[in-house]
Amino acid sequence: MENVTVELTGPVIGTISVLTDADGNYTFNDMPSGEDYIIHAEKDGSILNGITTYDLVLIMKGVLLIQPFDNPFLFLAADINLSGAVTSLDMLLLRQLILSITTTVPEGVWRFATEDFDYNPPAGYVNDIPVTNLQNDVAVNLIGVRFGDINQSAGSCD
């Protein structure tokens with residue numbers, strides 16, 4: 001995904017920020033080894049792009065186990081309040097956004113996780129990816145998930 005702000009924070013380097021290129025690639029060079037780092041990704045966009053009442057229906061079907069989510073990234077999209085669970089409160093919050101009762105969402109429009117993301121998180125789990133005891137070059141591939149867009153009608157960027 002292009003134009004994602006990716007920050008690397010560590011005890012020696014402080015925080016370094018880069019933008020992903022047209023192919024979604026980013027690079028941090030010459031990081032001190034043996035240190036712990038946090039990779040933080042962020043991308044804003046139009047808050048309601050791709051969000052419809054159909055997404056509410058899909059969240060409801062997931063909550064009621066009528067049509068359970070079949071991958072962890074759908075859970076990530078449906079967990080509007082980032083509580084670590086998809087509940088009727090997420091449906092209520094998404095409805096408030098659709099009706100313009102509220103205009104903000106925790107952690108921004110896009111949420112990022114690694115390819116091996118397993119939806120079993122504590123609250124406040126997105127967008128910060130730890131890299132512990134860096135020894136060599138590490139490739140951290142991030143997947144961008146648009147909050148609330150269960151049927152993925154917004155595409156990969158907005």
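Only the coordinates and a few stated rules stand behind these numbers; no lab work does. Note that the structure is a prediction, hence the values are computed from the model and not measured. Cβ coordinates were reconstructed from backbone atoms using ideal geometry, including for glycine residues, and neighbour counts include every protein chain displayed.
The figures follow:
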{"read-out": "Compactness of the stretch 34-107, expressed as Rg and Dmax over alpha-carbon positions, Å", "value": "14.1, 49"}
{"read-out": "Contour minus Cα-Cα distance for E35 and E2 (0.36 nm per residue)", "value": "9.1 nm"}
{"read-out": "Selected from I66, I39, I143 as most flexible by GNM, with the chain as the system and alpha-carbon contacts under 10 Å", "value": "I66"}
{"read-out": "Per-bin percent of Cα-Cα distances, the chain [10 Å]", "value": "11, 38, 31, 15, 5"}
{"read-out": "For the chain: relative contact order, % (alpha-carbon pairs under 8 angstrom, 6 or more apart)", "value": "30 percent"}
{"read-out": "Calculated over the stretch 49-90: convex hull of Cα atoms, volume per residue (Å³)", "value": "73 Å³"}
{"read-out": "Cβ crowding within 10 Å averaged over residues, with 5-18, 48-61 ranked highest first", "value": "48-61, 5-18"}
{"read-out": "Rounded tilt (10° steps) of 88-98 against the dominant C-alpha axis of the chain", "value": "90 degrees"}
